[in-house]
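Each value in this text was obtained by applying a stated rule to the coordinates, not by laboratory testing. These figures come from a predicted structure and were not determined experimentally. Cβ placement follows ideal geometry from the backbone for every residue including glycine, while neighbour counts extend to all protein chains displayed.
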Amino acid sequence: MNTLKVIILITSLSGLLMIVGYFIARRTGVVIALIISLVMNFGSYWYSDTIVLSMYNAQPVTKSQAPIL
């Protein structure tokens, strides 16, 4: 179910970006918006974990630091 929600969210945000592109530059704007949304979706899908971990300055934990883990 979560995968379906993510697909719907990404599709609707991409569609919104393409609508804005249409109002700005008609057909060329839609093509540019589509390319931008594809790059953003690819980046967020493949690098979202790295982005979140770097936002929180996450560091690997060793066994000596947290033996219970």
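Can you match percent of Cα pairs over 21 Å apart to one of these, (1) 49; (2) 36; (3) 13, based on a calculation from the structure here? This structure yields the entry labelled (1).
Would you work out the relative contact order for the chain, in percent, from Cα pairs under 8 angstrom that are 6 or more residues apart?
19 percent
Can you tell me the FRET efficiency between Leu16 and Ser44 if r is taken as the Cβ-Cβ distance and R0 is 22 Å, rounded to the nearest 0.05? Write down the numbers at each step before the final one.
Numbers: r = 15 Å, r/R0 = 0.69.
The calculated FRET efficiency here is 0.90.
In order along segment 32-45, the Karplus-derived 3J(HN,Hα) couplings, from 6.51 cos²θ - 1.76 cosθ + 1.60 at θ = phi - 60°, round to 5, 5, 5, 5, 4, 5, 5, 5, 5, 5, 4, x, 6, 6 Hz, and Gly and Pro are given as x.
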